[in-house]
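A quick write-up on the structure given underneath.
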Ligand code: ADP
């Protein structure tokens with residue numbers, strides 16, 4: 001059976017071997033066992049149900065939560081030569097009927113539907129007349145209230161399964177599952193003696209880093225300047241923050257779009273399309289963006305602010321590097337972020353138990369930002385992986401990419417100013433006093449008479465505020481938890497004020513993403529873009545970046561050589577082989 005599966009992998013997808021974990025999941029499904037697979041984003045879940053779907057006699061119903069993802073997956077399958085279709089609310093009745101006929105006639109091997117479809121009894125009745133071999137449930141954590149994307153319509157799946165005369169095999173997939181969620185999935189989907197496979201959460205090609213105590217805006221701009229040809233997602237915590245980062249980058253001339261729940265449907269789909277079709281390199285978004293994004297060549301994901309928990313972080317960061325190429329996941333940490341997340345928790349629920357759970361999860365996220373141990377180890381242990389190595393050599397804590405500078409004197413000036421202002425004011429006023437500002441509030445309180453007034457006048461106000469934030473992040477200063485946070489001295493500051501201890505500030509060296517694109521790659525990318533426009537599918541559905549990169553390295557000059565390129569299957573060879581071969585040939589000829 002697995003041999004057959006491998007043949008199909010090569011034929012339709014152009015890959016010669018399964019990845020770690022895929023084989024076991026496929027084998028289990030083919031044996032007819034209910035199968036629950038927990039695999040990180042980008043690990044290759046889709047193939048785990050798509051290949052069995054091709055081998056099983058009847059149709060596979062794939063339940064998938066997002067309409068945009070559905071279209072993408074079906075486009076991608078069709079382009080590889082697999083017969084698949086989808087039904088959702090974007091189709092008119094006529095189109096819907098035709099697709100149902102495709103399913104009934106046995107032509108389509110996979111039928112994608114949204115869970116909301118199952119709320120219609122008519123539709124369920126129709127499903128009962130089809131020969132269903134498998135129901136594959138994508139993002140199955142949506143069934144659980146404990147998950148971060150609870151979708152009530154997932155609760156209609158189990159009644160449907162129960163109502164089918166011949167029970168199909170059930171497979172369920174997710175990237176995130178805590179114990180509560182796992183138990184819920186098994187119970188609420190009614191999995192029978194299910195085999196649970198966790199392939200391991202590690203994504204070796206991702207470089208993780210946490211940036212603390214730096215001015216976020218400055219960092220972001222410099223980073224993007226260094227990596228301006230790369231594709232990236234910037235996640236911000238609020239719509240307002242998205243708008244302001246978007247304006248900032250647009251003002252600097254970058255091709256950028258933005259996405260958040262405050263935009264109307266057409267603006268959002270335009271932003272998404274522009275990003276997917278490579279019209280823009282960068283998208284700035286709230287966490288509303290991404291669940292339906294399969295784009296494989298995202299080279300970096302920057303979190304401008306901390307997300308609410310590690311599950312959300314790993315899922316969002318995991319959108320980088322689905323193609324397996326080196327990519328970066330950077331989290332910019334500021335102490336104020338915590339306040340915002342706490343506020344959001346307070347707003348989100350009135351259930352005390354739930355709130356406490358969210359606070360606990362947030363604390364793990366904050367600990368991630370402060371830990372000095374290997375970041376990958378922290379993540380993997382959070383997801384309960386065992387025997388994790390102490391060093392990964394691919395995160396900002398393992399690779400010490402910091403430069404140290406002695407900031408003791410500035411720290412003493414700041415601490416003494418905070419003390420003289422009786423620890424009753426916020427960052428802005430403290431900075432103004434140190435700067436020697438003529439602001440009315442400063443003189444109203446008589447702070448212009450303090451000995452610390454103007455002792456940092458050589459700095460800009462922003463630089464002083466940044467330094468205060470560094471001292472907050474490093475636990476010398478604290479902020480009270482109130483609407484207008486007040487800066488307080490912490491114990492660590494005492495030794496510094498007495499001249500007994502020194503303060504060093506670590507700054508991150510920025511890292512350029514190490515992808516060297518040769519000139520043939522650029523030529524092939526242009527060809528891919530023109531095919532994508534002609535066929536109205538996203539460029540990565542034609543071929544992924546890593547496939548183009550392999551072509552540009554090995555320069556295949558005939559069909560056989562082309563088939564050896566990872567990601568070139570028979571259908572795609574037929575469809576696009578000639579054009580790419582021509583392009584490579586003329587490139588090689590011109591070079592000679
Ligand atoms: P997930 O749904 O787990 O996030 P996908 O199914 O979208 O991941 O797969 C991520 C990427 O990995 C896709 O570009 C897919 O084509 C690729 N991929 C999957 N399986 C393999 C494999 N066995 N060999 C090479 N690439 C693979």
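Quick note: the coordinates plus some simple rules give every number you see, no bench work behind them. Please read all numbers here as calculations on a predicted model, not as lab measurements. So basically every Cβ, Gly included, is an ideal-geometry build from the backbone, and we count neighbours across all protein chains shown.
Angle, helix 352-370 long axis vs. longest principal axis of the chain, Cα atoms, 0 to 90°, nearest 10?
That helix lies at roughly 70 degrees to the long axis.
Rank by packing, highest mean first: peptides 230-239, 522-531, with packing defined as the count of other Cβ atoms within 10 Å averaged across residues.
Descending packing order for the listed peptides: 230-239, 522-531.
Quick one: angle between helix 570-591 and the longest Cα principal axis of the chain, in degrees between 0 and 90, rounded to 10, please.
Taking the Cα atoms of the chain, the angle to 570-591 is about 60 degrees.
Can you tell me how region 322-451 classifies by the Cα gyration tensor, rounded, prolate or oblate, using a/c under 1.5 as the rounded cut?
Cα axes put region 322-451 in the oblate bin.
Note down the relative contact order for the chain as a percent, whole number, built from C-alpha pairs under 8 angstrom at least six residues apart.
15
Take the alpha-carbon centre of region 413-475, take the same for region 190-259, and report the distance between them in whole Å.
Here the answer is 33 Å between Cα centres.
Measure out, as a whole number of angstrom, how far apart the alpha-carbon centroids of region 44-75 and region 313-359 sit.
The two parts, judged by their Cα centres, are 29 Å apart.
Please list the three semi-axes, largest first and in whole Å, of the ellipsoid equivalent to region 88-209, using sqrt of 5 times the eigenvalues of its alpha carbon gyration tensor.
29, 17, 15
Hey, with R₀ at 51 Å, roughly what FRET efficiency would residue 131 and residue 506 work out to, going by the Cβ-Cβ distance, to 0.05?
So, using R0 = 51 Å, E works out to roughly 0.25.
Where does region 37-160 land on Rg(C-alpha)/(2.2 N^0.38 Å)?
Against the empirical 2.2 N^0.38 Å value, I get 1.01 for region 37-160.
Which value in Å is the Kirkwood Rh of region 1-104 over different Cα pairs?
14.8
Any idea what % of Cα-Cα pairs in region 519-591 are farther than 16 Å?
39
If you wrap a convex hull around the alpha carbons of region 405-505, what volume per residue comes out, as a whole number of Å³?
So the per-residue Cα hull volume is 93 Å³.
If a/c stays under 1.5 just call it rounded; otherwise compare a/b with b/c (prolate if a/b is bigger, oblate if not). Do that for region 328-386, with a ≥ b ≥ c from the square roots of the Cα gyration tensor eigenvalues.
Oblate, since a/c reaches 1.5 and b/c is not below a/b.
Report, for the chain, the % of DSSP beta bridges that are antiparallel, rounded to 5.
15
Would you calculate, for the chain, the mean residue ellipticity at 222 nm contributed by helices, counting each DSSP H stretch of 4 or more residues as -39,500 (n - 2.57) and dividing by all residues, to the nearest 500?
Calculated from helices alone, the mean residue ellipticity at 222 nm is -13500 deg cm²/dmol.
Rounded to two decimals, what is the ratio between the C-alpha radius of gyration of region 386-429 and 2.2 N^0.38 Å?
Relative to the 2.2 N^0.38 Å estimate, region 386-429 comes out at 2.03.
Can you give me the Cα centroid spacing of region 100-146 and region 153-176 in angstrom?
Taking the Cα centre of region 153-176 as reference, the centre of region 100-146 is 9 Å away.
Please report Rg over Rh for the chain, where both radii come from the alpha carbon positions and Rh follows the Kirkwood definition.
With Rh from the inverse mean 1/r over Cα pairs, Rg/Rh is 1.02.
Kindly express, to the nearest 10 degrees and within the range 0 to 90, the angle between helix 216-226's C-alpha long axis and the longest C-alpha principal axis of the chain.
50
Send over the per residue convex hull volume for region 206-399, Cα only, as a whole number of Å³.
For region 206-399, the hull spanned by Cα atoms encloses 126 Å³ per residue.
Does region 355-416 classify as rounded, prolate or oblate by the C-alpha gyration tensor (a ≥ b ≥ c root eigenvalues; a/c under 1.5 gives rounded; else a/b over b/c gives prolate, otherwise oblate)?
oblate
Placing one identical point scatterer on every Cα of region 219-278 and ignoring solvent, what is log10 I(q)/I(0) from the Debye formula at q = 0.18 Å⁻¹?
Log-scaled intensity ratios, in q order: -0.65.
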